[in-house]
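Okay, structure first, notes after.
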Amino acid sequence: MAALVAGAAITVAGCAGAPARREFAASRADVLWLNRITYGVNSQTLSDYEWRGRAGFLDSQLSGRDAPLPPAIATQINLLDVVHADAAQLLAATNAEYKRINALADGPEKEQARKALSERGTALAYQAARRDLLRAIYSPAQLQEQLVWFWLNHFNVAQSKGSVRWLIGDYEEHAIRPHVLGHFRELVMATLTHPAMLQYLDNAQNAANHVNENYARELMELHTLGVAAGYTQADVQNLARILTGVGINAGGAQPKLPPAWQALYRREGAFEFNPARHDFTSKTLLGHAIRGPGFAEVEQAVDILVREPACAQFIARKLAVYFVADDPPPGLVARMAATFARTDGDIAAVLRVMFAAPEFSASLGGKFKDPVHFVVSALRLAYDTRPILNTHPVVNWLNALAEPIYGHQTPDGYALTEAAWASSGQMSRRFEIARAMASPNAGLFEPEDGSIAPSAGFPQLSNRIYFAALEPLLSERTKNALEAATSQQEWNTLLLSSPEFNYR
Amino acid sequence: MTGKAHRQKGASIQRRDLLRWAAVLPTLTLTGRLYAAPTSPARFLLVFLRGGYDCANFLIPYSSSYYYEARPHIAIARPDASTPAGALALDADWALAPAARASLGPLYQQRQLAFVPFAGTDDLSRSHFETQDSIELGEPSRSQHDFGSGFMGRLVQVLGSSAPIAFTDALPLTFKGPADIPNVSLRGIGKPAFDERQASLLTGMYAEHHLESAVADGLELRQEVALAMADEMLAANRGAINTKGFALEAERMGKLMRDQYRLGFVDVGGWDTHVNEGGATGALANNIDNLSRGLVSFSQAMGEQWRSTVVVVVSEFGRTFRENGNHGTDHGHGSVYWVLGGAISGGRIAGEQLAIQRATLFQDRDYPVLNDYRAVLGGLFRSLWGLSAASLERVFPQVRSLDLKLI
């Protein structure tokens with residue numbers, strides 16, 4: 001297969017038509033580093049890295065400034081309804097439509113209306129996933145895109161529950177994305193007041209004398225402290241009482257309240273704090289007396305939670321599991337946690353400590369790619385900056401690999417370690433997806449509006465990214481297998497299935 | 001004996017022929033490891049209901065007036081001869097949910113099904129994830145978690161040749177251990193993507209890599225499942241298959257466990273019913289119906305081997321005995337386990353019990369745990385495989401096993 005590869009390289013060079021510019025020769029160490037900071041190198045990453053140098057590249061990735069998307073991608077995204085939708089209005093309209101449908105007599109008309117509404121919700125969630133994936137594949141702000149996934153996963157909601165699919169795009173865009181490199185407390189408050197979370201973990205139903213402790217428990221166990229942090233069942237119940245009245249009001253009238261409570265009422269978008277549903281009796285949390293009254297109790301409780309040493313440790317470790325190693329060195333985690341505590345949860349500052357650590361450098365190339373990393377990095381390698389037109393195949397691949405966007409049912413989110421993704425059944429499934437990604441008819445260039453586009457041909461994996469960034473990492477065994485390939489698709493499949501490609 | 005020496009390997013087409021010889025003639029598989037056929041015909045399937053299923057609306061404590069007080073909106077009506085589709089009285093205290101009546105009722109009457117109420121763990125975190133993990137690991141309570149192995153993983157070691165498999169997307173924690181245990185999801189399976197040459201190129205890249213056996217097993221297992229399901233594919237092409245969802249998955253599991261595997265694991269999600277769980281009908285009833293019909297398909301697919309099979313259904317905890325403010329239930333404690341098998345002494349409610357009143361609830365909210373999961377499973381393992389006390393100690397350290405006389 002050597003001839004085919006060489007031929008491909010010539011084709012790439014030959015049809016580039018670009019001025020004879022010196023190719024940047026990234027070292028093996030540079031490539032390994034970039035493959036961890038980004039979803040996987042593409043030519044934009046390489047030239048940005050060459051231009052800025054390592055320190056400048058890291059600064060720009062940590063800045064949290066939204067780097068402009070490539071114009072063709074920005075245009076695709078801007079055409080999506082989900083970009084222009086208002087969550088509160090959507091929820092109000094959806095609720096009204098549900099109400100109308102429920103009032104219909106049973107029969108085909110009712111069934112059809114229900115189905116049509118459901119399909120619109122599913123389509124909207126798909127659009128959100130499309131936007132998410134296009135950014136992951138093409139945004140120059142690669143670290144930020146990984147963090148959007150990381151925090152969405154940390155504050156997981158599932159599109160299958162209730163009206164979440166109508167809200168998920170807004171949740172990602174407004175509750176998660178603006179805060180991924182900000183202060184941790186902002187993420188907690190933004191998710192706590194978002195209708196997607198309030199519905200997913202049932203706090204919308206949590207009211208005085210009708211306490212539902214689902215969200216309160218997960219807020220401590222999964223979002224802030226971790227399970228072994230020493231809180232008790234009484235703390236869970238007290239936090240649930242603190243959270244009573246935190247709920248959703250999508251377009252309804254403001255409830256009539258006695259004058260004493262009116263000043264305590266809050267509303268923003270579809271989020272509502274309704275004092276009439278709040279439990280005003282006295283409470284303690286983790287030994288602190290809760291002052292309040294009303295929503296101030298919630299803010300105080302969140303302050304208490306995010307300043308607990310357990311929270312700093314829990315969040316620092318989880319970031320390190322995602323970015324460093326399945327079992328990250330405790331010394332590194334301790335330094336990250338200390339930074340978290342000192343900076344009041346400044347995520348960018350914690351990450352900076354992590355990226356600068358020798359433990360980070362030592363870990364490069366050793367982290368198994370979860371399916372999202374696997375698929376996104378494959379697309380970045382195969383198509384570089386060329387925009388795909390159809391994300392349905394990508395969504396389907398992630399479904400097949402059991403890591404669908406917005407698809408984790410339970411609030412713990414997807415596991416971040418190799419053991420969760422590298423079982424025998426998952427490896428064979430992964431190779432099958434590699435084969436699909438390597439094929440000329442994966443459907444990525446068939447426009448979603450059904451218009452006709454020129455056939456795409458095989459993805460050119462033996463391209464300049466491959467020679468610059470992947471080939472230097474390949475073992476003799478992998479090279480031998482590639483050498484034995486009898487077709488372009490097989491060569492592509494083997495490359496995407498190789499151990500070197502499957503670690504970052 | 002090392003883990004690798006006795007593990008079940010995936011198979012090529014000659015596998016079934018090999019099975020006949022394996023007892024006398026150790027055989028090398030593709031990756032060169034020793035393959036040994038199981039010596040005992042006994043089969044065991046663990047079904048894990050993730051999310052903490054509401055056992056009180058499955059096995060209804062209908063003699064307790066407090067049940068009806070505590071669940072004004074979601075309680076299931078007492079069994080009544082005039083409503084043949086209602087709850088099915090199993091004895092003077094307990095009734096089976098209407099949703100499981102048609103599927104599990106006959107199994108119970110044939111003594112192939114028993115229930116163990118007040119079963120569970122002494123983990124009090126009421127966290128799904130913590131409690132699932134601690135059950136899957138199966139360590140003595142209050143021991144430091146050592147994620148080195150789960151109890152099914154240790155059982156594999158103790159049994160020596162058990163042909164284990166997990167019917168899941170990912171390998172469950174309970175199968176963690178020194179042996180490499182294969183897993184395969186039986187939802188949506190098609191033709192294998194790779195021929196033998198391609199499979200060997202793929203495995204070649206992982207030679208001496210720590211994922212080597214996962215890669216080799218995965219590719220082999222995919223072939224094997226496709227072979228085993230060939231009849232089904234044929235039938236499907238003729239439009240003869242109408243099972244869906246878990247029932248279809250369970251039927252496939254049954255075929256694989258009938259022919260090749262002896263120790264299985266599967267999990268079923270969707271039990272975390274905090275809101276509007278329903279009563280005789282509704283969300284929980286639908287889940288119960290789906291699961292129950294699946295287990296019946298499994299038992300049928302096992303054929304004659306059903307008589308040497310035991311299935312245990314567990315969940316991480318029960319739910320609050322009182323309904324919450326949203327016609328649902330929150331995380332509780334004691335659960336009800338199910339034991340099924342073609343030759344068990346079922347048709348009864350086993351294990352220690354007490355009358356359910358407000359005063360007998362644990363922490364004034366949940367079922368207490370009177371039958372520890374390690375003791376219950378340990379007792380079943382002892383009878384099923386005749387394990388010695390020393391062997392059982394390796395599976396469940398410091399356990400005092402409970403003989404429920406089900407096997």
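The values are calculated or read from the model by the stated rules, or taken from the named source; none is laboratory data. Keep in mind the model is a prediction, meaning the values are calculated, not measured. Glycine gets a Cβ as well: all are built from the backbone with ideal geometry, and neighbour counts include every protein chain shown.
Please work out which one of (1) basic (Lys, Arg); (2) closer than 30 Å to B:PRO178 by Cα; (3) in a helix (DSSP H, G or I) is the condition B:ARG400 fails and give its number.
Evaluating B:ARG400 over (1) basic (Lys, Arg); (2) closer than 30 Å to B:PRO178 by Cα; (3) in a helix (DSSP H, G or I) leaves (3) as the failure.
Restricting the search to region A:442-461, which residues are modelled with pLDDT under 80 and in contact with a Pro (Cβ under 9 Å, 6 or more places away or on another chain)?
A:ALA453, A:SER455, A:ALA456, A:GLY457, A:PHE458
Taking the condition of being outside any helix (DSSP H, G or I), within 9 Å of chain B (Cβ to nearest Cβ), out of contact with any Asp or Glu (no Cβ under 8 Å at 6 or more places or on another chain) and not β-branched (Val, Ile, Thr), how many residues in region A:459-504 meet it?
Residues meeting the conditions: 3.
Take the residues of region B:176-189 that are within 9 Å of another protein chain (Cβ to nearest Cβ) and not charged (D, E, K, R): which is nearest to B:GLY269 (Cα to Cα)?
B:SER185
State yes or no: is A:PHE355 assigned to a helix (DSSP H, G or I), crowded, with 22+ Cβ neighbours inside 10 Å and among the aromatic types (Phe, Trp, Tyr)?
no
Does A:THR94 meet the test of being farther than 28 Å from A:VAL376 by Cβ and either in contact with a strand residue (DSSP E or B) (Cβ under 7 Å, 6 or more places away or on another chain) or in contact (Cβ under 8 Å) with a residue 40 or more places away in the chain (or both)?
When the stated conditions are applied, A:THR94 passes them.
With the structure loaded, tell me whether A:ILE304 is within 23 Å of A:PHE155 (Cβ to Cβ), more than 14 Å from chain B (Cβ to nearest Cβ) and either touching a Pro at 6+ places or on another chain (Cβ under 6 Å) or buried (at least 23 other Cβ atoms within 10 Å of the Cβ) (or both) or whether it fails that test.
no
Just checking, how many residues over region A:288-310 are part of a helix (DSSP H, G or I), over 15 Å from A:MET189 (Cα atoms) and either of a type in the set (A, V, I, L, M) or touching a residue at least 40 places away in the same chain (Cβ under 8 Å) (or both)?
Selection size over region A:288-310: 1.
Do the conditions hold for A:GLY366, that is, is it within 14 Å of another protein chain (Cβ to nearest Cβ), assigned to a helix (DSSP H, G or I) and of a type outside the set (Phe, Trp, Tyr)?
So A:GLY366 fails the test.
Being in contact (Cβ under 8 Å) with a residue 60 or more places away in the chain, among the aliphatic types (A, V, I, L, M) and at the interface with chain A (Cβ under 8 Å from one of its Cβ atoms), is that true of even one residue in region B:190-204?
No, region B:190-204 has no match at all.
Is one or more of the residues making up region B:86-99 under 17 Å from B:GLY332 (Cα atoms) and among the charged types (D, E, K, R)?
Within region B:86-99, none of the residues are under 17 Å from B:GLY332 (Cα atoms) and among the charged types (D, E, K, R).
All but one of (1) in contact with a helix residue (DSSP H, G or I) (Cβ under 8 Å, 6 or more places away or on another chain); (2) farther than 18 Å from B:VAL116 by Cα; (3) part of a loop (DSSP other than H, G, I, E, B) hold for B:SER391; state the number of the condition that does not hold.
Condition (3) is where B:SER391 drops out.
Name the residues in region A:174-201 that are outside any helix (DSSP H, G or I), out of contact with any Asp or Glu (no Cβ under 7 Å at 6 or more places or on another chain) and surrounded by 24 or more Cβ atoms within 10 Å (Cβ to Cβ), would you?
A:HIS194
Select from region B:333-377 the residues that are crowded, with 23+ Cβ neighbours inside 10 Å and part of a helix (DSSP H, G or I) and list them in ascending order.
B:TYR373, B:ARG374, B:VAL376, B:LEU377
Residue check, A:GLY230 against (1) touching a residue at least 60 places away in the same chain (Cβ under 8 Å); (2) surrounded by fewer than 16 Cβ atoms within 10 Å (Cβ to Cβ); (3) closer than 20 Å to A:ARG185 by Cα, all met but one. Which one?
Only one criterion in (1) touching a residue at least 60 places away in the same chain (Cβ under 8 Å); (2) surrounded by fewer than 16 Cβ atoms within 10 Å (Cβ to Cβ); (3) closer than 20 Å to A:ARG185 by Cα is unmet by A:GLY230, namely (3).
Give region B:311-332 a look and list any residue that's within 17 Å of B:GLN132 (Cβ to Cβ), within 12 Å of chain A (Cβ to nearest Cβ) and either part of a loop (DSSP other than H, G, I, E, B) or of a type in the set (Ser, Thr, Tyr) (or both), or say none.
Listed by number, the residues that qualify are B:GLU316, B:ASP330, B:GLY332.
Which condition breaks for A:PRO411 when tested against (1) buried (at least 20 other Cβ atoms within 10 Å of the Cβ); (2) within 14 Å of another protein chain (Cβ to nearest Cβ); (3) part of a helix (DSSP H, G or I)?
Only one criterion is unmet by A:PRO411, namely (3).
Find the residue count for region B:205-228, including only residues that are more than 7 Å from chain A (Cβ to nearest Cβ) and of a type in the set (Ser, Thr, Tyr).
Of the residues in that region, 1 qualify.
Of the residues A:LEU34, A:LEU62, A:LEU79, which single one is more than 21 Å from the chain's Cα centre (by Cα), modelled with pLDDT of 65 or more and either buried (at least 19 other Cβ atoms within 10 Å of the Cβ) or of a type in the set (A, V, I, L, M) (or both)?
Matching residue, one of A:LEU34, A:LEU62, A:LEU79: A:LEU79.
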